[in-house]
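The values are calculated or read from the model by the stated rules, or taken from the named source; none is laboratory data. Keep in mind it's a predicted model, so treat the numbers as computed, not measured. Here the Cβ positions follow ideal geometry from the backbone for every residue, glycine too, while neighbour counts run over all protein chains shown.
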């Protein structure tokens with residue numbers, strides 16, 4: 001009998017070891033050391049997507065969608081005049097309208113079956129959140145009626161398990177932890193659409209339930225690195241400097257929410273936090289030094305297919321780059337690594353994060369890379385730089401009238417803040433004056449010719 005008991009115990013031990021081995025094998029992507037992460041946004045499913053080759057060559061272990069993973073809404077033509085006017089103060093037709101469920105499914109299917117993306121899925125863990133165009137409507141927030149159904153379609157696209165909490169909650173926010181203990185990377189993906197109050201309201205972006213969830217995530221078990229993914233920019237506040245010509249969405253348009261976010265990070269005493277974002281159709285790296293914790297970085301990559309320079313003819317690209325140089329740059333990281341003087345990049349791009357765990361101290365490299373996989377702007381930092389310490393924003397502000405990486409664009413003198421609009425309207429005025437002057441000169445010549453012919 002004793003022998004039988006011993007044998008049974010031995011079998012249980014062996015079985016337990018084998019079961020543990022199976023579990024470790026099945027969850028290998030969770031415990032393997034992560035050194036390379038790629039991310040991107042704004043991928044029109046109907047446009048060519050050659051950039052997947054560069055992303056695959058980067059060989060990321062994780063790829064993060066940051067929104068506009070498809071363009072699911074329908075866009076009416078740009079019309080200033082006519083019966084159906086989609087732009088201007090006299091517009092009578094909305095430029096963007098929601099599409100049907102069948103159209104959304106068809107577009108997701110087309111995006112998922114893209115050959116380049118399919119090859120990435122075979123070897124890379126893919127996670128993500130959404131932005132407005134895959135949420136269902138341009139610039140939409142909590143008022144959008146199709147959000148419940150479209151949440152299911154997004155999660156299907158991301159291959160989210162049917163029993164996932166994300167399928168039962170209001171919104172697609174989620175968190176993931178990768179890597180072994182001591183070298184873990186936590187990825188927090190926010191939902192900046194489902195609960196967002198109207199623009200210009202300075203209300204809430206995340207909603208009360210998501211704020212409670214985020215606080216638990218940040219005050220929970222520590223991780224070496226914490227990446228917060230936001231579909232809209234967190235630190236850059238260009239939305240305040242491009243008006244009244246046009247307005248971009250960002251956390252800067254909800255100042256109270258952004259202040260609350262910075263305070264939550266500071267109060268959590270969590271080290272290694274930085275942001276990644278998309279939405280704006282250009283790439284840049286921004287930095288905020290006055291968050292009372294440590295420098296906060298925001299690496300913006302947008303888009304995989306959509307980019308500001310692609311929206312204008314090639315001969316006019318210099319105008320876009322010139323305008324980028326004119327926008328205030330108090331938060332943008334400017335150094336010699338930038339391909340262009342403005343340190344923004346308006347062609348298709350993706351974001352890349354590399355972690356060197358073997359370095360002492362551990363180092364991080366943030367890149368925005370072009371369609372060939374070459375960096376267009378980069379930042380190299382030590383993980384020690386992202387460790388909690390007390391920063392006095394008041395002291396930093398006293399050091400200079402508008403200290404670099406501390407003075408938000410909304411605090412700039414109005415002449416600097418609105419210089420892009422001032423230049424535009426002055427140029428328009430000069431053009432109109434030249435047009436009027438030229439017209440007057442032509443009319444004067446014609447009148448003289450008429451009188452001369454009459455006299456003869």
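Structure summary
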| quantity | calculated |
| --- | --- |
| Given (1) at pLDDT 95 or above; (2) out of contact with any strand residue (DSSP E or B) (no Cβ under 8 Å at 6 or more places or on another chain), number of the condition residue 18 does not satisfy | (1) |
| Which listed residue is over 23 Å from residue 131 (Cα atoms), in contact (Cβ under 8 Å) with a residue 12 or more places away in the chain and surrounded by 21 or more Cβ atoms within 10 Å (Cβ to Cβ), from 288, 340 | 288 |
| Within segment 32-60, tally of residues that are closer than 19 Å to residue 375 by Cβ and touching a strand residue (DSSP E or B) at 6+ places or on another chain (Cβ under 7 Å) | 13 |
| Qualifying residue in segment 349-371 (condition: at pLDDT below 95, surrounded by 10 or more Cβ atoms within 10 Å (Cβ to Cβ), within 30 Å of residue 262 (Cβ to Cβ) and under 29 Å from the mean Cα position of the chain (by Cα)) | no |
| Test: residue in segment 262-276 that is more than 30 Å from residue 357 (Cβ to Cβ) and out of contact with any strand residue (DSSP E or B) (no Cβ under 6 Å at 6 or more places or on another chain) | yes |
| Residue in segment 205-218 that is part of a loop (DSSP other than H, G, I, E, B), at pLDDT 95 or above, over 17 Å from the mean Cα position of the chain (by Cα) and closer than 22 Å to residue 297 by Cα present | no |
| Matching residues, segment 113-133, being touching a helix residue (DSSP H, G or I) at 6+ places or on another chain (Cβ under 6 Å) and either under 25 Å from residue 98 (Cβ atoms) or modelled with pLDDT under 95 (or both) | 117, 130 |
| Any hit, segment 247-265, residues being modelled with pLDDT of 95 or more, surrounded by fewer than 18 Cβ atoms within 10 Å (Cβ to Cβ), under 26 Å from residue 179 (Cα atoms) and not assigned by TED's automatic domain parsing to the domain that holds residue 427 | yes |
| Enumeration of residues in segment 272-309 that are part of a loop (DSSP other than H, G, I, E, B), farther than 17 Å from residue 369 by Cβ and touching a helix residue (DSSP H, G or I) at 6+ places or on another chain (Cβ under 6 Å) | 272, 290, 291, 292, 293, 294 |
| Residue in segment 68-76 that is closer than 22 Å to residue 185 by Cα, touching a strand residue (DSSP E or B) at 6+ places or on another chain (Cβ under 7 Å) and touching a residue at least 24 places away in the same chain (Cβ under 8 Å) present | no |
| Residue in segment 78-93 that is surrounded by 11 or more Cβ atoms within 10 Å (Cβ to Cβ) and under 25 Å from the mean Cα position of the chain (by Cα) present | no |
| Filter pass, residue 228 being closer than 24 Å to residue 352 by Cβ, within 16 Å of the chain's Cα centre (by Cα), part of a loop (DSSP other than H, G, I, E, B) and modelled with pLDDT of 90 or more | no |
| Helices (runs of 4 or more DSSP H) lying entirely in segment 94-161 (those with 2 or more residues that are surrounded by fewer than 20 Cβ atoms within 10 Å (Cβ to Cβ) and assigned by TED's automatic domain parsing to the domain that holds residue 68) | 101-112, 115-123, 147-157 |
